[in-house]
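Written below as structure tokens is the structure these notes are about.
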Amino acid sequence: MANGSVYTTALMEHNAHPDYKYELANFTHEHEGVNPSCGDEMVLRLRLSSDGSTIEEAAFTGSGCAVSQASADIMAELVTGETVEEAKHLGELFFRMIQGDELDDDEQEALDEAYELASISRMPARVKCAELAWRTLGALIE
């Protein structure tokens with residue numbers, strides 16, 4: 001499993017200095033996500049390729065706890081440039097991980113920095129925070 005602390009270096013860095021938290025111009029898809037249990041909210045915007053197969057750019061706006069904001073930034077970075085099918089696959093891996101499933105080395109590598117959020121699976125109250133962006137992405141690309 002990733003680092004034992006929930007507040008990993010990756011989480012703290014992505015929360016403090018998010019690269020993908022901005023108003024995306026010329027987006028093709030938009031979806032709002034809300035975590036009613038704690039008030040985290042976000043709007044995820046994607047710009048898909050003209051054939052709809054590739055996420056050319058992902059960005060989000062909104063507010064919430066460090067976990068939800070960092071998870072959104074990590075997710076946006078991970079799926080930008082990927083096919084929609086690969087983004088769905090990454091989402092499946094993330095949900096397995098955050099629910100406490102062990103991932104093999106290849107699956108951990110595929111999640112890149114998102115795997116550093118694995119320790120959140122031991123804190124049920126924070127799982128929904130980490131899942132917010134990924135659930136929003138799933139709803140958007142279905």
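Each value in this text was obtained by applying a stated rule to the coordinates, not by laboratory testing. Given the structure is predicted, the values throughout are model-derived calculations rather than measurements. Positions of Cβ are backbone-derived with ideal geometry, glycine not excepted, and every protein chain shown enters the neighbour counts.
Of the listed values (i) 1.00; (ii) 1.09; (iii) 0.94, grab the one calculated as Rg/Rh (Cα atoms, Kirkwood Rh) from the structure here.
For Rg/Rh (Cα atoms, Kirkwood Rh), the calculated option is (iii).
Within the chain, what percent of beta bridges assigned by DSSP are antiparallel, to the nearest 5?
95
Pairs of alpha-carbon atoms within less than 8 angstrom and 6+ residues apart define the contacts here; what relative contact order does segment 9-141 have, in percent?
27
Sort 68-79, 52-63 by packing, meaning the average of other beta carbons within 10 Å per residue, with the highest value first.
My ranking of the peptides, most packed first, is 68-79, 52-63.
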